[in-house]
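Nothing in this text is a laboratory measurement; each read-out follows from the coordinates by a stated rule. What you see is a predicted model; the values in this text were computed from it and never measured. Don't worry about glycine lacking a Cβ; one is built from the backbone with ideal geometry, like all the others, and counts go over all protein chains shown.
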Amino acid sequence: MPDAYERLRAEIVEGEFAPGTALVEVSLAERYGTSRTPIREALRRLEQDGLVERGSRGMCVRTRSPEEILEIYEVRITLEATASGAAAQRRTELDLMRIKAAQSAMARVSPSDPHAMAAANRNVHETIWAASHNGTIVDLLTRLNNHLTRYPATTLSSAGRWDEALAEHEAIIAAIEARDHVRAAELAGAHMETARNLRLEIYSKEIVG
């Protein structure tokens with residue numbers, strides 16, 4: 001059975017607790033049938049993940065904002081470019097096989113399944129991160145992804161974006177295979193800039209809606 005951290009994290013990501021909702025230890029302990037100690041530990045870990053924050057009345061679900069999206073992507077664009085460039089320089093043949101396998105798996109996913117689309121896309125990126133052979137980059141990108149889980153709508157559902165993303169991945173992978181670190185970095189950066197712009201567009205529509 002999932003522990004308090006996993007259960008609370010899942011419910012926050014799924015929108016069960018709206019942004020700004022107060023997270024009261026006593027209430028959560030009753031909800032999950034546990035003591036306050038694991039709840040306190042779960043909240044501490046979720047704060048590190050960037051999913052909750054301390055407010056004037058205690059812990060609450062972190063709010064969303066266009067400024068935060070810009071901040072996250074400002075860093076992610078740079079790190080994704082760095083990871084792809086490093087992968088082009090350091091990848092092994094096994095790394096390349098794994099990246100291509102992840103890309104092939106992504107191409108087989110139905111564009112009618114947003115969750116599967118997002119998972120497959122994430123797997124491609126994570127195999128490229130791993131091919132960078134830079135643990136710090138992998139750790140930082142993983143943390144940034146945790147922040148983005150509070151924005152559940154995938155940019156890949158935007159009109160035409162699925163096919164574009166697949167094509168952009170193919171170009172990045174080709175550069176990695178050719179060990180062209182400059183082009184790999186440029187393509188990865190541009191790929192994430194497009195994702196940032198779509199993320200802002202989705203957010204603005206959610207606010208208007």
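Worth pointing out:
- Label-to-label distance for Thr78 and Val138 is 2.2 nm, based on points extended 7 Å past Cα in the beta-carbon direction.
- Residues in segment 44-61 carry Karplus couplings, in order, of 4, 5, 5, 5, 5, 6, x, 8, 10, 9, 8, x, 5, 10, x, 6, 8, 5 Hz; the curve used is 6.51 cos²θ - 1.76 cosθ + 1.60 with θ = phi - 60°, and Gly or Pro positions show x.
- Summary of the geometry: segment 64-85 and segment 28-49, compared by the centres of their Cα atoms, lie 29 Å apart.
- Distance between the pseudo-spin-label points of Gln48 and Arg31 (7 Å out from Cα toward the beta carbon): 2.1 nm.
- For segment 66-208, the relative contact order works out to 41 percent when only alpha carbon pairs closer than 8 Å and six or more residues apart are counted.
- Per-residue HN-Hα couplings for segment 96-110 [Karplus 6.51, -1.76, 1.60; θ = phi - 60°; Hz; x = Gly/Pro]: 5, 4, 5, 4, 5, 5, 5, 5, 5, 5, 5, 5, 8, 6, 6
- The peptide list 51-58, 115-122, put in order of mean Cβ contacts within 10 Å with the highest first, becomes 115-122, 51-58.
- Two-site label geometry, Thr63 and Val24: point separation in nm, points 7 Å out along Cα→Cβ: 2.1
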